[in-house]
Amino acid sequence: MTPLLLQRRGILVVVSGPSGSGKTTLCRRFTDTDAEAVYAISATTRSPRGEERDGVDYFFLSREDFQKRSLHGEFLEWAEVHGNFYGTLKSEVLAHLEAGRDVLMDIDVQGAALVRQQADPVIAGAMVDIFILLSDDEELVKRLQGRGTETAEQLALRLHNAREEMRHWPDYAYTVVSSDREKDFAIFSAILAGERCRSSRWHGTPMASPDHAELDL
C-alpha cells in the first residue's frame, strides 16, 4: 500500500446568536488560542473608528468599490446596516480554507442563510454552522441590560431583533445552549475538534517509498 501524506481541508465555521450570546467572544477566544484557526475579517464602507486598522479590524472599502465587488460575486454574504455595507470577501475565506486553516465567522441569521446558498463546492463542503442559544427570555433580557450602553428605545429594538433571531436555531447543525463562558467555550471547542476529525475533511497525497527514491537516483 502506497503511504500517504495526509492533509486536512479547512472548516468554515459560521456562528450566529442573539446580542449578548457571546458568539464573538467565542470566535475570538478560539482563534487567539488555536494556530490552525483564523477569525474572518469583514469588509465595510464605514469609516475607521479610533485605532482601527485596515486589514486588521476591517477591510475599509469605498461604497463604489464595495458595490462593484458585490456585483462581481466576490462576497460570501453582505448586508446594509444603518447606511453602511458590511460583508465577507470570498477571497479572504477561500485562501485560508485551501491552506488547511479553519475560518470562524460570527454573522447574523440572514448572513448565515446567504452562506448556505453558496454554489461553490469548497464553501458548501467546508461549512459548519453553530447557533448560540440563550436558555430563556429572562436570560436574554438580563444579558442585554447588562451592557448598560443603550437607551430604553435601543434596548427594546435589540430585544425584538434578538427574539426574532432565536427563532432560527433549528436551521443550524449545532446548537449550544449558553450557560457560562467556560462551559460554552468547552462545548464550542469540542464541536470543532469533532469536525476536524471527519474523514471527509482529509485527503492524501502519495509519498515516494524509500525503494522508489533509490531507483530514481
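What follows draws every value from the coordinates through simple rules; no lab data is involved. Just so we're clear, the structure is a prediction, and the values are computed from it rather than from any experiment. Don't worry about glycine lacking a Cβ; one is built from the backbone with ideal geometry, like all the others, and counts go over all protein chains shown.
The table below lists the values:
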read-out	value
Choice from Trp78, Trp202, Trp169 with maximal GNM fluctuation in the chain (Cα, 10 Å cutoff)	Trp202
Neighbourhood charge, 12 Å Cβ-Cβ cut-off, centred on Phe185 and excluding it, Lys, Arg +1 and Asp, Glu -1	0
The chain - Kirkwood radius from inverse mean 1/r over Cα pairs (Å)	19.2 Å
DSSP bridge orientation in region 46-177 - percent antiparallel, rounded to nearest 5	55 percent
Neighbour net charge for Tyr174 - beta-carbon separation under 10 angstrom, K R +1, D E -1	-2
Environment charge of Lys90, counting only residues whose C-beta is closer than 14 Å and scoring Lys/Arg +1, Asp/Glu -1	-4
Among Met127, Leu155, Leu5 - extreme Cα towards positive end, dipole of the chain, charges at beta-carbon	Leu155
Over region 21-163, relative contact order from alpha-carbon pairs under 8 Å, at least 6 apart, %	23 percent
Cα shape, region 92-195, gyration tensor, a/c 1.5 rule	prolate
log10 of Debye I(q)/I(0), alpha-carbon scatterers only, for region 27-96 at 0.22 Å⁻¹	-1.00
